[in-house]
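Contents: one structure, followed by commentary.
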Amino acid sequence: MKFTVDEFRAWENKCVTLLGMSGVGKTCLSTLLRRQDWFHYSGDYRIGTRYLDEPILDLIKSQAMQVPFLRDLLRRDWIFVRNNIKVDDLGPVLSFIGKLGNPERGGLPLGEFNRRQALYRDAEIRAMQDLPEFVRKAQEIYGYRHLVNDVGGSLCELDEPAVIDLLARHSLILYIRVPDQDETMLIERAQADPKPLYYRPEFLQTAVTDYLTLHRLEFVAQIDPDDFTRWVFPRLFHARVPRYEAIAGPHGYTVGATEAMQVRDEQDFLGLLEQAIASKGA
C-alpha cells in the first residue's frame with residue numbers, strides 16, 4: 001500500500017508489517033502496540049502453533065521415547081505433550097530449527113538440518129498468506145481497529161515474490177534499517193547468544209563450504225554448532241540488507257532503528273510512520 005500522509009491518517013483500519021533483521025526491535029514495537037489495543041500478529045507464533053506444531057511435538061516425543069520411563073507412559077497414552085509456545089517466547093520454534101554441526105554438541109546432521117529448514121520456509125510462507133484472514137478476524141471477532149504484522153527476520157530469504165506482493169497489498173511495509181554505526185553492536189549481541197536461524201539453501205551451501213575450508217575440517221559433523229552460528233551471522237546480516245532494501249524500495253517505507261527505539265506509545269509510532277511516508281514522498 002502507498003500513501004500520502006493525509007491518506008495514512010484517514011486509513012480507518014491500519015495494518016503495518018514490520019520488516020527487518022532479528023534484534024532490530026520489531027517484537028518490542030509490536031508488544032508496545034499490543035498494549036495500546038493493536039492486534040499483534042506474530043509470524044513465528046503462527047508458525048509454531050499452526051504449521052510446525054506437529055513436527056515440533058514429533059521431535060519432543062522422539063526424544064522422550066529414548067527414556068524408558070517416558071517411553072512406556074507415551075505408548076500407554078498416560079501422558080501427553082503440548083507445545084506451550086508464547087508470543088514473547090518462541091523457544092519451541094527455535095529448538096526445532098536447531099543448529100548445524102556436531103550431534104555430540106547439540107548440532108544436527110546436514111540432511112536433517114536442511115529438512116527442518118525447508119519445513120520452516122514453507123511454514124513462514126503459509127503464515128504470511130494468512131495475514132488477510134487475520135486482519136478480518138482482528139476486526140470482526142476481536143474488535144481491534146489496527147493490526148501489526150511482526151514478521152521473522154528471514155522473510156527476505158524466502159524468494160517468494162507472491163508473499164511480498166500479498167503483504168504489500170494488505171499492509172504498509174515498514175523496514176527498520178540498522179544504521180551503519182550500529183551494525184557492529186547488533187552483530188556482537190547476536191554472537192553473544194547464538195540462536196538458530198533460517199538460511200537460504202544457496203547461502204548455506206556456500207557458507208558451509210567456506211567454514212570447512214577455513215577451519216580445515218572434512219565433515220559437517222566436525223562443526224561446532226555455536227561457533228558456526230557466530231561465524232556465519234555477520235555474513236548473513238550483510239547478505240540480508242540488500243534483500244530488505246529491495247522489498248522496501250518498491251513496496252514500503254524505511255525508518256532507522258534508532259528512531260524506532262525511541263517510540264514510546266501509539267502516537268509516537270504513527271508519527272514515525274508519517275515521517276517515513278513524507279520522506280519517501282519528498
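The values are calculated or read from the model by the stated rules, or taken from the named source; none is laboratory data. None of these values were measured; they are calculated from a predicted model. Because the Cβ atoms are built from the backbone with ideal geometry, glycine has one as well, and the counts that use them run over all protein chains shown. To get the accessible areas, we keep the full protein, side chains included, count just its heavy atoms, and leave off ligands, DNA and RNA. Shrake-Rupley method; radii C 1.70, N 1.55, O 1.52, S 1.80 Å.
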Next item on the list: Could you tell me how many degrees, from 0 to 90 and to the nearest 10, lie between the Cα long axis of helix 110-129 and the main elongation axis, the longest principal axis, of the Cα atoms of the chain?
Entry: 30
Notebook entry, point to check: How high is the relative contact order of the chain, given as a whole-number percent (alpha carbon pairs under 8 Å, six or more residues apart)?
Noted result: 33
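Just from its helices, what would the mean residue ellipticity at 222 nm be for the chain, if runs of 4 or more DSSP H residues each count -39500 (n - 2.57) and the sum is divided by every residue, rounded to the nearest 500 deg cm²/dmol?
Details: 14 runs with 158 residues, N = 282.
Mean residue ellipticity, 222 nm, calculated: -17000 deg cm²/dmol.
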Notebook entry, point to check: What does the accessible area of residue 61 come to, in Å² to the nearest 10, when a probe of 1.4 Å is used?
Noted result: 80
Margin query: Could you tell me which residue out of 171, 185, 199 lies farthest along the dipole of region 159-207 toward its positive end? Charges go on the beta carbon: Lys and Arg +1, Asp and Glu -1, centred on the Cα centre.
Written below: 171
Item checked: Farthest positive-ward along region 1-159 dipole, Cα basis, beta-carbon charges - from 103, 17, 131 -> 103
Check: Of the peptides 223-235, 258-270, how do they stack up when ordered by the mean number of other Cβ atoms within 10 Å, highest first?
Finding: 223-235, 258-270
Note to self: Using only Cα atoms and rounding to the nearest 10 degrees, what angle (0 to 90) does helix 201-214 make with the longest principal axis of the chain?
What the structure shows: 50
Checklist line | Pairwise label distance in nanometres, residue 65 with residue 181, each label 7 Å out on the Cα-Cβ vector | finding: 5.6
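Over the chain, with every protein chain in place, what whole percent of the accessible area is carbon and sulfur at 1.4 Å, could you tell me?
Working: 7210 of 14500 Å².
The computed percentage sits at 50.
Among the listed pairs 26/99; 26/137; 14/195; 26/280; 2/86, which are separated by more than 26 Å between their Cα atoms? Show your work: numbers first, answer last.
Working: 26/99 23 Å; 26/137 22 Å; 14/195 32 Å; 26/280 21 Å; 2/86 33 Å.
Listed pairs above 26 Å: 14/195; 2/86.
So if each residue of separation counts as 0.36 nm, and I subtract the Cα-Cα distance between residue 72 and residue 280, what length gain in nm does that give?
On the way: separation 208, 0.36 × 208 = 74.88 nm, distance 6.21 nm.
Full extension from residue 72 to residue 280 adds 68.7 nm.
Looking at the chain only, what percent of DSSP beta bridges run antiparallel? Nearest 5 please.
Working: 1 of 20 bridges.
If I count the DSSP bridges inside the chain, around 5 percent turn out antiparallel.
Counting heavy atoms of the protein chains only and a 1.4 Å probe, report the per residue accessible area for region 230-270 as a whole number of Å².
With the other protein chains kept in place, region 230-270 gives 47 Å² per residue.
Mind checking the per residue accessible area of region 1-88 for me, 1.4 Å probe, whole number of Å²? Could you put the intermediate results ahead of the total?
Values: 5120 Å² over 88 residues.
Each residue of region 1-88 exposes 58 Å² on average to a 1.4 Å probe.
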Item checked: Probe 1.4 Å, all protein chains present, accessible-area order of 21, 1, largest first -> 1, 21
Notebook entry, point to check: About its Cα centre, what dipole magnitude does region 130-282 give when the only charges are +1 on Lys and Arg Cβ and -1 on Asp and Glu Cβ, stated in debye to the nearest 20?
Noted result: 220
Next item on the list: Work out the FRET efficiency for residue 79 and residue 221 from their Cβ-Cβ distance, taking R0 = 51 Å, and round it to the nearest 0.05.
Entry: 0.95
